[in-house]
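Engineer: Here it is: the structure, laid out below.
The values are calculated or read from the model by the stated rules, or taken from the named source; none is laboratory data. Keep in mind that what you see is a predicted model, and the values were worked out from it rather than measured. Every residue, glycine among them, receives a Cβ derived from its backbone with ideal geometry; neighbour counts consider all protein chains shown. Just the protein is used for accessible areas: all its heavy atoms, side chains included, with ligands, DNA and RNA removed. Shrake-Rupley method; radii C 1.70, N 1.55, O 1.52, S 1.80 Å.
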Amino acid sequence: MTQIDTSVPHSARIWNYWLGGKDNYPVDEAAGDAYTAVFPGIVTIARSSRAFLGRSIRYLVQEAGVRQFLDVGTGLPTVDNTHEVAQSLAPEARIVYVDNDPLVLAHARALLTSTPEGATAYEPVSLFEPEQIIEAAGKTLDLTRPTALILSGILGHVADCEQAGELVRRLMDPLPSGSYLSLNEGSRGTDPAYERAQDAYNETGAVPYFLRPVEQIEAFFEGLELVDPGVVSVPLWHPEPGAPAAPVGQHGGLGRKP
């Protein structure tokens with residue numbers, strides 16, 4: 001079994017801490033607290049991203065009739081995981097999680113729950129191996145039927161924007177017409193304090209995460225039909241009635257493959 005180093009902070013565990021999860025260690029809490037001391041708004045961004053994911057899945061199930069989900073770059077299980085949201089509305093939904101992080105692998109058993117009618121699987125494949133992802137997903141999903149590809153806060157770990165876009169295309173191309181892309185990423189142009197905090201974090205030697213201008217995030221949806229209101233700051237995408245809808249430095253959207 002892969003040894004998990006608990007002496008250095010880990011981005012997935014820090015994100016888990018900000019989301020209120022329990023899969024983290026004191027070193028992660030210390031790093032998370034150091035970041036929030038500089039930029040308290042990161043907790044709002046983390047939770048806004050997670051809430052957007054939930055709303056987009058509910059739209060996919062209830063409005064678009066999607067019953068298959070391919071969640072790449074899963075991260076650690078916290079609350080309202082993809083299979084929980086989807087199967088609460090459609091018990092027959094089938095979900096494949098993909099993440100090659102040994103830490104996530106160690107916690108995969110928490111993800112591998114399912115309704116009797118549906119299925120949930122976990123595949124330890126790298127984002128940088130899209131063809132292998134599709135092949136592995138095909139063991140659980142019927143990829144002749146519409147499938148929702150979920151990329152939630154993962155492409156920021158790909159430094160080169162063109163490479164990130166190519167990975168999206170190679171994942172979407174094999175999926176049939178009527179499939180969807182749900183994507184949200186850290187953005188530039190909304191919150192200068194967030195940008196300064198993240199740029200400083202990237203210089204610490206930790207695994208970097210690159211914020212992108214909104215037009216670069218929009219470009220990931222090239223060739224897809226965007227669901228209204230398009231690519232927006234995530235709290236503004238189909239907000240729950242009465243929910244706070246102040247823009248944050250995280251943009252996302254939902255696109256349908258024609």
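Engineer: Among 79, 98, 104, 85, which is aliphatic (A, V, I, L, M) and closer than 23 Å to residue 165 by Cα?
Structural biologist: Answer to the selection: 98.
Engineer: Taking only region 112-134 into account, find how many residues are out of contact with any strand residue (DSSP E or B) (no Cβ under 7 Å at 6 or more places or on another chain) and closer than 19 Å to residue 101 by Cα.
Structural biologist: Going through region 112-134 one residue at a time, the tally reaches 8.
Engineer: Quick check on my filter: what residues within region 192-208 are hydroxyl-bearing (Ser, Thr, Tyr) and closer than 13 Å to residue 9 by Cβ?
Structural biologist: Within region 192-208, 201, 204 meet the criteria.
Engineer: Checking the structure you have, find out if any residue of region 184-204 is open to solvent by 10 Å² or more (accessible area, probe 1.4 Å) and within 17 Å of the chain's Cα centre (by Cα).
Structural biologist: No, region 184-204 contains no residue that is open to solvent by 10 Å² or more (accessible area, probe 1.4 Å) and within 17 Å of the chain's Cα centre (by Cα).
Engineer: Take residue 55 and decide whether it is over 30 Å from residue 200 (Cα atoms), touching a residue at least 12 places away in the same chain (Cβ under 8 Å) and in contact with a Leu (Cβ under 6 Å, 6 or more places away or on another chain). Write out each step before concluding.
Structural biologist: Details: over 30 Å from residue 200 (Cα atoms): yes; touching a residue at least 12 places away in the same chain (Cβ under 8 Å): yes; in contact with a Leu (Cβ under 6 Å, 6 or more places away or on another chain): no.
So residue 55 fails the test.
Engineer: Going residue by residue through region 36-56, is there one that turns out to be among the hydroxyl-bearing types (Ser, Thr, Tyr), within 30 Å of residue 177 (Cα to Cα) and touching a Phe, Trp or Tyr at 6+ places or on another chain (Cβ under 8 Å)?
Structural biologist: Yes - at least one qualifying residue is present in region 36-56.
Engineer: Tell me, yes or no, whether region 27-45 has at least one residue that is over 21 Å from residue 138 (Cα atoms), under 14 Å from the mean Cα position of the chain (by Cα), assigned to a helix (DSSP H, G or I) and modelled with pLDDT of 90 or more. Outline the logic, then answer.
Structural biologist: Pass one, region 27-45, residues over 21 Å from residue 138 (Cα atoms): 27-45.
When the remaining residues are screened for being under 14 Å from the mean Cα position of the chain (by Cα), the result is 45.
Next, only the ones that are assigned to a helix (DSSP H, G or I) stay: 45.
Still in the list and also modelled with pLDDT of 90 or more: 45.
Scanning region 27-45 turns up at least one residue that is over 21 Å from residue 138 (Cα atoms), under 14 Å from the mean Cα position of the chain (by Cα), assigned to a helix (DSSP H, G or I) and modelled with pLDDT of 90 or more.
Engineer: Let me ask you something else. Which of the residues belonging to region 210-258 are under 19 Å from the mean Cα position of the chain (by Cα), aliphatic (A, V, I, L, M) and in a loop (DSSP other than H, G, I, E, B)?
Structural biologist: If the condition is that a residue be under 19 Å from the mean Cα position of the chain (by Cα), aliphatic (A, V, I, L, M) and in a loop (DSSP other than H, G, I, E, B), then 211, 224, 227, 231, 248 are the ones that fit.
Engineer: Say we look at region 67-83 and pick out the residues that are charged (D, E, K, R) and modelled with pLDDT of 95 or more; which of these is least open to solvent (accessible area, probe 1.4 Å)? I'd like the intermediate steps shown before the answer.
Structural biologist: We begin by selecting, within region 67-83, every residue charged (D, E, K, R); these are 67, 71, 80.
Right, trim to modelled with pLDDT of 95 or more and you get 67, 71.
Numbers: 67: 61, 71: 9 Å².
My answer is 71.
Engineer: If residue 137 passes every condition in (1) buried (at least 19 other Cβ atoms within 10 Å of the Cβ); (2) under 18 Å from the mean Cα position of the chain (by Cα); (3) free of Cβ contacts under 8 Å to residues at least 60 places away in the same chain but one, which one does it miss?
Structural biologist: Answer for residue 137: the failing condition is (3).
Engineer: Which of the residues that make up region 64-91 are part of a helix (DSSP H, G or I) and of a type in the set (S, T, N, Q)?
Structural biologist: The answer is 82, 87, 88.
Engineer: Could you look through region 88-128, keep only residues that are of a type in the set (Asp, Glu) and more than 17 Å from the chain's Cα centre (by Cα), and pick out the one that is most open to solvent (accessible area, probe 1.4 Å)?
Structural biologist: Looking at residues that are of a type in the set (Asp, Glu) and more than 17 Å from the chain's Cα centre (by Cα), I get 117.
Engineer: Which is surrounded by fewer than 18 Cβ atoms within 10 Å (Cβ to Cβ), in contact with a strand residue (DSSP E or B) (Cβ under 8 Å, 6 or more places away or on another chain) and not charged (D, E, K, R), of 64, 30? Walk me through how you get there before you give the answer.
Structural biologist: Details: 30 fails: in contact with a strand residue (DSSP E or B) (Cβ under 8 Å, 6 or more places away or on another chain).
It is 64.
Engineer: For the list (1) open to solvent by less than 40 Å² (accessible area, probe 1.4 Å); (2) within 22 Å of residue 255 (Cβ to Cβ); (3) outside any loop (DSSP other than H, G, I, E, B), I need the number of the one condition that residue 58 fails.
Structural biologist: (1)
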